[in-house]
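Data block below; observations after.
The values are calculated or read from the model by the stated rules, or taken from the named source; none is laboratory data. Since the structure is predicted, the reported quantities are computational estimates derived from the model, not experimental observations. Neighbour counts are summed over all protein chains in view; Cβ atoms, including those assigned to glycine, are modelled from backbone coordinates with ideal geometry. Ligands, DNA and RNA are excluded from the accessible area calculation, which covers all protein heavy atoms including side chains. Shrake-Rupley method; radii C 1.70, N 1.55, O 1.52, S 1.80 Å.
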Amino acid sequence: MRGLLLHGFGVDAKPQKKQGAGFGHAKVGGYNVWLRGYNPLIATLSTPLCAPVIAATRLRAGNAASARGAAWQVAEAIRTARACGASGLIVVRMDSAFYAKAVIWACRRNQARFSVTARMDTKIHAACEGIDEAAWVDIKYPQAIWDEDEQRWISDAQIAETTYTAFEGTRWQVTARLIARRVKRLTPQAHPGQGELFDQYRYHAVFTDSPFVLVQAESQHRGHAVIEQVNADLIDGPLAHLPSGRFAANGAWLTCAAIAHNLTRAAGHLAGTRYGTARAATIRTRLINVAARLAHRARIIHLHLPEHWPWQQAWNNLFAAVHAPPA
C-alpha cells in the first residue's frame, strides 16, 4: 500500500439555511476567500497501480478546523485498508492542516507510518537552515534538466533531511525525520545583470517516520496531491450542491457519494487499463450514460447500442466482467 491520503476541503451550500453551513477558509484562483458551505473530510487509499478510492468520509460544519475528527478518521481508514487486504506498509500522507499530535499518534497506535507537511514555524525554519550545505541533493523538479556528463539532475530544488522532535516537552513528543525541500527565492523586480550577494531559499518541510530513502520518501509525499483529483471528481459530481437542509441527510449523501465514486473507479478498472486513472466524468460519459434501448425477443432481453461506437470494446469488457457466469 503506497499511501493513505487524508484531506479536508470545502463545498458550496445553497441555500444558506442548511444546518451546519458556515464560513470556512478556501482558495479560489490562488486567492484566500471565505465561502459559506460544508467541510468534508476525505480519506482515500491508493497503490502504485490504481487511482485513489475513498476509505472514510466525515461531514463537518463549514467553520470546523481541518484537524477536527482527523485522528478518529485516520484510525478508521487504516482499519479499512487492513480489511481490504493491505498486509504491507501503510503510509498516511497529509498536508500541514493535520500536523497535530493526536493525528500522528493515531498513525502510530494503528501500526502505520505518517508523512505530514510541517508548518513552517520558527523552530522548523531554524532546523531547515541548520542542515549542512553538503547534505543537500538535487532532485527532479518541474523544468529540471538531466546532465549527461555528470549523470545527475540540474534543478532549482534540493532536498536534505535531519532529525527533529515535534511537540517537545509534552507527553506527545515524537522524534522522527524532517525532510526539507528548498527552492531559490527569486526576485522578479531585480534588474538584469544584478547578481545576488547570497542565495535565499523557500523551505518546505515534511515530518515523517517513513523507512524509505530520502529521494523516494520526499517524492512519495509530494504524490499526496493526487487527492485533489478525488476532490475535483466529487465537487464536479454529487457534491456540486448537497441536496438537503438537514445536516445528517447531507452526511448520508456524502457517504453515498463515496460509494458511487468507488463503484465508478471499479467500473473503470474492469473496462480497461486506460480507464484506471480516468476522470469520473469520463467514465460516466463513455461507460455509464450510454444511449441505448432495450428490446424483448423470444423471452430474451436485447440491448441495442449505438453503431460505430468508439468505446464499444471497453463497454464489452465491463459487461463481460460484471455479468460473467459464476465460478
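Things to note:
- The set of residues in the range 116-173 that are under 15 Å from S219 (Cα atoms) and surrounded by fewer than 11 Cβ atoms within 10 Å (Cβ to Cβ) contains only P142.
- Tabulated pairs, the range 63-92, first at positive phi, second open to solvent by 60 Å² or more (accessible area, probe 1.4 Å) and not polar (S, T, N, Q), C-beta under 6 angstrom, 6+ apart or interchain: G69/R58
- Here A86 clears all of (1) under 30 Å from A278 (Cα atoms); (2) open to solvent by 20 Å² or more (accessible area, probe 1.4 Å); (3) not β-branched (V, I, T) except the condition numbered (2).
- Complete set of residues in the range 76-88 that are modelled with pLDDT of 90 or more and over 18 Å from the mean Cα position of the chain (by Cα): R79, R82, A83
- First in the range 222-250 and in a loop (DSSP other than H, G, I, E, B), second anywhere and among the β-branched types (V, I, T) and at pLDDT below 85, Cβ under 9 Å, 6 or more apart: L239/V11; A240/V11; H241/V11; L242/V11
- Residue match in the range 296-312 (condition: out of contact with any strand residue (DSSP E or B) (no Cβ under 7 Å at 6 or more places or on another chain), open to solvent by 80 Å² or more (accessible area, probe 1.4 Å), within 29 Å of L45 (Cβ to Cβ) and in a helix (DSSP H, G or I)): no
- Cβ separations smaller than 6 Å between residues 6+ apart or across chains give the following pairs from the range 124-140 residues that are under 13 Å from R202 (Cα atoms) to residues that are of a type outside the set (G, A, S) and open to solvent by less than 50 Å² (accessible area, probe 1.4 Å): C128/Y203.
- With respect to (1) modelled with pLDDT under 90; (2) within 30 Å of L270 (Cβ to Cβ), the lone exception for Q73 is condition (1).
- Failed item, numbered, when T282 is tested on (1) in a loop (DSSP other than H, G, I, E, B); (2) open to solvent by 40 Å² or more (accessible area, probe 1.4 Å): (1)
- Filtered residues of the range 56-75 (kept if within 19 Å of A225 (Cα to Cα), open to solvent by 20 Å² or more (accessible area, probe 1.4 Å) and not in a loop (DSSP other than H, G, I, E, B)): T57
- Breaking point among (1) in contact (Cβ under 8 Å) with a residue 40 or more places away in the chain; (2) buried (at least 17 other Cβ atoms within 10 Å of the Cβ); (3) polar (S, T, N, Q), for T264: (1)
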